[in-house]
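Everything below concerns the one structure shown next.
The values are calculated or read from the model by the stated rules, or taken from the named source; none is laboratory data. Note that the structure is predicted; figures quoted are calculated from it, not measured. Counting neighbours? That spans all protein chains shown, and the Cβs are built from the backbone with ideal geometry, glycine included. Keep in mind that these areas ignore ligands, DNA and RNA; they rest on the heavy atoms of the full protein, side chains included. Shrake-Rupley method; radii C 1.70, N 1.55, O 1.52, S 1.80 Å.
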Amino acid sequence: MRHLLLSRLLRRASSPSQPHHNLQLIRALSSSSPLPASDTDLRKYAGYALLVLGCGAATYYSFPFPPDALHKKAVPFKYAPLPDDLHTVSNWSGTHEVHTRVLLQPDSIPALEDALATAHRERRRLRPLGSGLSPNGLGLSRAGMVNLALMDKVLDVDVKKKTVTVQAGIRVAELVDALREHGLTLQNFASIREQQVGGIIQVGAHGTGAKLPPIDEQVISMKLVTPAKGTIELSREKDPDLFYLARCGLGGLGVVAEVTLQCVERHQLVEHTFVSNADEIKINHQ
């Protein structure tokens, strides 16, 4: 009996339909549990994912800002408006710009002293800012700026001595117009007259020709407000060394609050225009 069952099993195992049955079993097993992908496939799919993410980020950040968001900055998934207390300050020619939360405009020497003392106590820098006429960004600072536009009065005119004392925030054009009533004018000033007097002195604005020196040479005395020592009065007679340094100090020694300038009698300039060649210039130029 055992020999009969064994022979039947052997015949069934060797029948032609058995290979087909085994193949179906292998296919069923392979479809239910897929083999793991190779490293090449994984790198390929990771590359596709990075490409999609990169294209999305490039599209988001290169998309033009709407008109109402020109002064906003892009952060992921939203436009973040600049804070309401942030001041945007640029120079006169528009080549330099800075954003700051601290832009002070004192209207008196005590207010200026308080502003500088507070900044000194908080170990915070303040940069004197005039009308911003300089083509560089010297007067601009994110840490903070102080402007004397509200300190723009003529304090005294001495016609006999031909001197004028002004607050440093007055503009050159306003000062020249005020001096006209007294028959006086400045020795020298530029064709553009929008500078604040304190600023045009501090930057060592240019002279005119060989006989007219820079404008800081017109300074007789000045009041300099400093962070630690308050207001210091300087002149040729009182502390001359510091006076010569401070009158063209670029705002580094303190903020000029008041200035006394040497003036000249008001006069009319006559302009002569002519054409000359190089040989004539060599002979006639002095």
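Backbone amide hydrogens, once placed in the peptide plane, bring Val159 within less than 5 Å of nothing, excluding anything fewer than 5 places away on its chain. Per atom type, the range 154-265 shows carbon and sulfur on 53% of its accessible surface, probed at 1.4 Å. Note on the range 157-286: dipole from Cβ charges, positive end direction compared against His206, Leu253, Ile232; the farthest Cα belongs to Ile232.
Overall size of the range 87-147 from C-alpha positions, given as principal axis extents largest first: 32, 22, 17 Å. For Arg127, the residues whose amide H sits under 5 Å from its own are Gly144, Met145, Val146, ignoring neighbours fewer than 5 places away on the same chain, with H placed 1.01 Å from N.
Taking all protein chains into account, the per residue accessible area for the range 139-182 stands at 48 Å² (1.4 Å probe).
How many percent of the accessible area of the range 87-147 is carbon or sulfur, using a 1.4 Å probe? Present the calculation step by step, with values, prior to reporting the outcome.
Working: 1700 of 3580 Å².
Of the solvent-accessible surface of the range 87-147, carbon and sulfur hold 47 percent.
Computed about its Cα centre, the charge dipole of the range 154-265 is approximately 100 debye, with only Lys, Arg, Asp and Glu carrying charge at their Cβ. Close amide H partners of Ile232, meaning residues 5 or more places away or on another chain with modelled amide H under 5 Å apart, are Leu224, Val225, Thr226. Only protein heavy atoms count here; on that basis, with a 1.4 Å probe, Leu50 has an accessible area of about 120 Å².
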